[in-house]
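Engineer: My structure is below; once you've seen it, I'll send some questions.
Read the figures in this text as sums done on the coordinates, not as results from a lab. Note that the structure is a prediction, hence the values are computed from the model and not measured. Please note: Cβ atoms are built from the backbone with ideal geometry, for glycine as well, and neighbour counts cover all protein chains shown.
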Amino acid sequence: MDAFTAGLLQRIKATESDLSRARDEGDDFLVEVEQGELDDLRRLAAEHGVEVGASRV
């Protein structure tokens, strides 16, 4: 796995965790921000052929 792929997957994992935390805390604004970030990261992964696996969130 190259550095780009590893970094992207790590960012996705961290963002999924942040999104889950925001949902648990009931922070609707942060949920929207994190979901937008996650959508962007997943789009970037798809554009570069990076397999992302099923979402935990």
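Engineer: Nearest 20 debye, what's the magnitude of the dipole of the chain about its Cα centre given +1 on Lys and Arg Cβ and -1 on Asp and Glu Cβ?
Structural biologist: 260
Engineer: Which part of the stretch 5-24 falls in the paramagnetic zone of L44, meaning amide N under 14 Å from the point 7 Å along Cα-to-beta-carbon?
Structural biologist: Output list for this probe position: 5-16.
Engineer: Kindly provide log₁₀ I(q)/I(0) values, in the same order as q = 0.14, 0.16, 0.27 Å⁻¹, from the Debye equation applied to equal alpha-carbon scatterers of the chain.
Structural biologist: The Debye formula, applied to the Cα set alone, gives -0.37, -0.47, -1.06.
Engineer: For the stretch 38-51, in order, what is each residue's ³J(HN,Hα) by Karplus, 6.51 cos²θ - 1.76 cosθ + 1.60 with θ = phi - 60°, in whole Hz (x at glycine and Pro)?
Structural biologist: 5, 4, 5, 5, 5, 5, 4, 4, 4, 5, 10, x, 8, 6
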